[in-house]
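Scroll down for the structure; my scribbles are underneath it.
The values are calculated or read from the model by the stated rules, or taken from the named source; none is laboratory data. Everything quoted here is computed from the prediction, not taken from an experiment. Here the Cβ positions follow ideal geometry from the backbone for every residue, glycine too, while neighbour counts run over all protein chains shown.
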Amino acid sequence: MLQQAMIISQARESYYEKAIFHAIRGAIILVVGLILLWVEHSVVAMIKSSMWISIAVAVPMILITLGICILLWAVWVVIQSNRISYVTVGCPYCDEPVQFTAQPTSDFDCPYCHRHVQFEDGFMLPVQVVECTFCSAKHRVSIKAQSYTCDRCNQVIKLTTTAEQEAAQPRADTYYDVILTQAGRNADEVAMALQSIMVCTLKEAKMVIERLPAPVAQDIPYIKAESIRDQLRGLGAMAIMIPGNRIPT
């Protein structure tokens, strides 16, 4: 039978729990034996039968010996816990080395990043790097995941398959809208940027910021839309691009 893979820290914890259980049991037996040994002289004085005297003398010694043996066994269990052989597997999300008692073939939670590592047919599923469309933060996500919540902006990111990603690649002749979703901490700087982008007054730009999300550029070429989006993101704002309504010529 194959050895079931267990994270080495969890395996050692089970050893420690076993050692503590034996240590407590051995300590109790040892203490009882010492107490009986301490009161032995009183018991012997009260017993006149030589057979019962022998038993009264032997019982404490047996208990003391048994307690010491159990305590030594607990120490041996602790020593064995530090001799466990292990296999190192890198977490696909944080790259930290995770040690197992055997080669893992089933799902586990990384003890470092606490992400759930998935397996399929005994093999670890690869991960993909996705970029949040709201804050541009990059994340490692399982290829089987259909959505992911961004750790930075807490927005839900819808994930697509490779075929869907290829179909969604931007075309040079497609026009886009730029949507400002959040102004960030530098709202005044974003407002001044909008003043130039939208060709409006500063007051009108601030009014746009007050009713987000709002389009700040519509039906413009992909390259220009990308430039505006990156300009706003550079100021700490959150902006996205969506296909516009203009029909390519």
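If the condition is being surrounded by 13 or more Cβ atoms within 10 Å (Cβ to Cβ) and either without any contact (Cβ under 8 Å) to a residue 60 or more places away in the chain or touching a strand residue (DSSP E or B) at 6+ places or on another chain (Cβ under 7 Å) (or both), then the range 91-108 contributes 91, 92, 93, 94, 98, 99, 100, 102, 104, 105, 108. Residues of the range 102-139 that are among the charged types (D, E, K, R), more than 28 Å from residue 231 (Cβ to Cβ) and out of contact with any Asp or Glu (no Cβ under 9 Å at 6 or more places or on another chain): 107, 109, 120, 121.
Residues checked against (1) touching a residue at least 60 places away in the same chain (Cβ under 8 Å); (2) not aliphatic (A, V, I, L, M):
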position	(1), (2)
175	yes, yes
180	no, no
189	no, yes
204	no, yes
214	no, no
226	no, yes
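For the range 1-40, what are the residues that are of a type in the set (A, V, I, L, M, F, W, C) and touching a residue at least 60 places away in the same chain (Cβ under 8 Å)? Within the range 1-40, 2, 5, 6, 7, 8, 11, 19 qualify. Residues in the range 109-151 that are over 30 Å from residue 11 (Cβ atoms) and in contact (Cβ under 8 Å) with a residue 60 or more places away in the chain: 133, 134, 135, 136. Sub-9 Å Cβ pairs linking a first residue in the range 59-78 that is more than 11 Å from residue 26 (Cβ to Cβ) to a second residue that is modelled with pLDDT under 95 and outside any helix (DSSP H, G or I), at least 6 apart or interchain, are 60/39, ordered by first then second residue.
Here's the yes/no breakdown for (1) of a type in the set (A, V, I, L, M); (2) under 33 Å from the mean Cα position of the chain (by Cα); (3) modelled with pLDDT of 90 or more; (4) part of a helix (DSSP H, G or I):
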| residue | (1), (2), (3), (4) |
| --- | --- |
| 18 | no, yes, yes, yes |
| 23 | yes, no, yes, yes |
| 37 | yes, no, no, yes |
| 42 | no, no, no, yes |
| 77 | yes, yes, yes, yes |
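Number of residues in the range 213-230 that are surrounded by fewer than 18 Cβ atoms within 10 Å (Cβ to Cβ) and within 11 Å of residue 180 (Cβ to Cβ) equals 3.
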